[in-house]
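Step one of this worksheet: look at the structure below.
The values are calculated or read from the model by the stated rules, or taken from the named source; none is laboratory data. Since we're looking at a predicted model, the values are computed, not measured. Counting neighbours? That spans all protein chains shown, and the Cβs are built from the backbone with ideal geometry, glycine included. These accessible areas exclude ligands, DNA and RNA; they are computed on the full protein's heavy atoms, side chains included. Shrake-Rupley method; radii C 1.70, N 1.55, O 1.52, S 1.80 Å.
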Amino acid sequence: DKPFSAYLLVVEYRFSGDQVKNGPAWAYRNSGAMLHCQPPATMDLHQDFPISLEEQYLGGNGQDERSTANLCTPGTNVVLHGSLYTQHCTNSTSKTFHGDQWVHVEALVLGDSIIKHIVDADTVLTYEKPQYDGRDKWVKQMGYTDGATIGNGYISLQSESHPIAFRKVELFDLSRYLHKPEKLRKAILKL
């Protein structure tokens, strides 16, 4: 119910059961946490996803490799490996989690600078400089400036068409440490 700029989001989730009948193939064991979201009250009734950075949670099908804590970017772009990244989704380096096991995922978000996706204790994806994608219909409708960095926003949990359970959702507000790097490092080490 309020925006955050610097935070650690800790989630434990698991997929179970069957996908909703006639659910799209891409939504099988697919959910996520939407980071730096636009204000919920500004979403259009027909808007599929909030303008945000999605830490995408995926589950395996029992045989194929399928990473989790991926990045999808509805209405946004990021800098990845030093270059502007404009593709909608990119995979992390996480392992695949088959079955109905609990998965521990974190998102370390530091304003408009660096964002890390963490699975168990491993950083599986790092990117920076989240920004609005001026090509996006909803970004245009909101009047956001193409390329303007996104330093804060709301947090939403997403559910596509497959049952998901969350047994832990914790949020640690790190904003008071954002401009004090040494204090931020110490605060993160205490978590």
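Restricting attention to segment 1-50, and to residues there that are closer than 16 Å to VAL139 by Cβ and among the acidic types (Asp, Glu), which single residue is nearest to the chain's Cα centre (by Cα)?
Per the criteria, the residue is ASP48.
Would you check which residues across segment 97-120 are hydrophobic (A, V, I, L, M, F, W, C) and either more than 22 Å from ARG29 (Cα to Cα) or buried (at least 20 other Cβ atoms within 10 Å of the Cβ) (or both) and list them?
PHE97, VAL105, ALA107, LEU108, VAL109, LEU110, ILE114, ILE115, ILE118, VAL119, listed by residue number.
Condition (residue is of a type in the set (Lys, Arg), open to solvent by 60 Å² or more (accessible area, probe 1.4 Å) and assigned to a strand (DSSP E or B)) applied to segment 140-153: is it met by at least one residue?
No: zero hits.
Would you check if there is a residue in segment 30-41 being among the aliphatic types (A, V, I, L, M), in contact with a Lys or Arg (Cβ under 8 Å, 6 or more places away or on another chain), part of a strand (DSSP E or B) and open to solvent by less than 70 Å² (accessible area, probe 1.4 Å)? Explain how you work it out, then say what you get.
If we filter segment 30-41 for residues that are among the aliphatic types (A, V, I, L, M), which is where we start, we get 33-35, 41.
Cutting the leftovers down to in contact with a Lys or Arg (Cβ under 8 Å, 6 or more places away or on another chain) gives us none.
For segment 30-41, residues among the aliphatic types (A, V, I, L, M), in contact with a Lys or Arg (Cβ under 8 Å, 6 or more places away or on another chain), part of a strand (DSSP E or B) and open to solvent by less than 70 Å² (accessible area, probe 1.4 Å): absent.
Give the residues of segment 68-96 that are crowded, with 21+ Cβ neighbours inside 10 Å and at positive phi, sorted by residue number.
Across segment 68-96, the qualifying residues are ALA69, GLY75.
Taking ARG14, is it touching a strand residue (DSSP E or B) at 6+ places or on another chain (Cβ under 6 Å), in a strand (DSSP E or B), open to solvent by 10 Å² or more (accessible area, probe 1.4 Å) and more than 23 Å from LEU174 (Cα to Cα)? Spell out how you get there, then give the answer.
Details: touching a strand residue (DSSP E or B) at 6+ places or on another chain (Cβ under 6 Å): yes; in a strand (DSSP E or B): yes; open to solvent by 10 Å² or more (accessible area, probe 1.4 Å): yes; more than 23 Å from LEU174 (Cα to Cα): yes.
When the stated conditions are applied, ARG14 passes them.
Could you go through segment 44-51 and let me know if any residue there is in contact with a helix residue (DSSP H, G or I) (Cβ under 9 Å, 6 or more places away or on another chain), closer than 22 Å to LYS2 by Cα, part of a helix (DSSP H, G or I) and open to solvent by 40 Å² or more (accessible area, probe 1.4 Å).
The answer is no; no qualifying residue exists.
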